[in-house]
Amino acid sequence: MIKKIDNLYAQATDKQSFSFDGQVAQVFPDMIQRSVPGYNQILQNTAKFAEHFVTDNSNCYDLGCSLGASSLAMSSGITASNVKIIGVDNSAAMLERCHHHIDAFKHSTTIELYEGDIVDFPIENATMVVLNFTLQFIAQPQRKALLENIYKGMKPGGVLLLSEKICFDSALDNQLMIDLHHQFKRENGYSELEISQKRSMLENVLVPETLDDHLTRLKSIGFSRYQCWLQQYNFISMYAVK
């Protein structure tokens, strides 16, 4: 499948907010590679977490699966038998392309895709759940309930892999990380106009929290272990074990 270049915001636009529509779905692989520091490392290590945690006769979930990159990463690492990966997304445009993306790659684990709201999607018999830059798009009052639902549906010893953009308590630290992230995007070919327009559209759509907010919530839900295993600027990935 030919990867299309993200130039959605290269010209001035009157679009007010970001959404995972058909235009975004077309360029999403390029967009996330050029926008998220550490993204490839997260996918590579998703396979390693899957190898370590996924056990026989269980389910894995990719919540907010977009084009299925995390599902394919999990599949590449799974050595257990009789495992099913369930991908869920509320964007029909993303899921349409996800089906093509999944079919284009060889994978040994069954992958099923569903259109739906991850907030109330049933989680059952799970040994691995991935939320890859998804929780940040969920309304803040719903985030704990979503994670509680995931926890209840996980088997003891199962792992939640949670990747997010974060903010910082210190205004100086927060601005430094934003500046470094914007420099990362410039180095990947984005113009000042593209960076500015994308940031404006994401405001109030992507609402980040601090690392401490995330870890405190994971502890309150009941996870026995929880750590940040990767950070690049204001992008992190955590794991939490039931």
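Taking square-rooted eigenvalues a ≥ b ≥ c of the alpha carbon gyration tensor, is the stretch 1-109 rounded, prolate or oblate, where a/c under 1.5 means rounded and, failing that, a/b exceeding b/c means prolate? It comes out prolate by the Cα gyration axes. With a ≥ b ≥ c taken as the square roots of the eigenvalues of the C-alpha gyration tensor of the stretch 48-187, please select rounded if a/c is under 1.5 and otherwise prolate if a/b is larger than b/c or oblate if it is not? Judged from the Cα gyration tensor, the stretch 48-187 comes out prolate (a/c at least 1.5, a/b above b/c).
Along the axis of the charge dipole computed for the stretch 28-131 (Cβ charges of +1 for Lys and Arg, -1 for Asp and Glu, origin at the Cα centre), the listed residues Leu95, Leu113, Ser70 are led at the positive end by Ser70. With K and R counted +1 and D and E -1, the other residues having a Cβ less than 14 Å from that of Ala126 yield a net charge of -1. Each principal axis of the Cα cloud of the stretch 128-242 was evaluated for its coordinate range; sorted largest first, these ranges are 47, 25, 24 Å.
For an R0 of 35 angstrom, estimate the FRET efficiency from the Cβ-Cβ distance between Leu180 and Ser108 and round to the nearest 0.05. That gives a FRET efficiency of 0.35. Less than 20 Å from a label point 7 Å out along the Cα-to-Cβ axis of His52: which backbone N atoms in the stretch 124-142 qualify, by residue? Of the residues in the stretch 124-142, 126-133 have backbone N under 20 Å from the label point off His52. Among the listed pairs Lys4/Lys219; Lys48/Lys242; Lys15/Lys185; Lys48/Lys106, a Cα-Cα separation exceeding 29 Å is found for Lys4/Lys219. When DSSP beta bridges are restricted to pairs lying wholly in the chain, around 40% turn out antiparallel.
Computed from the coordinates by the stated procedures, all read-outs in this text should not be read as laboratory data. Source: prediction; values computed, not measured. Please note: Cβ atoms are built from the backbone with ideal geometry, for glycine as well, and neighbour counts cover all protein chains shown.
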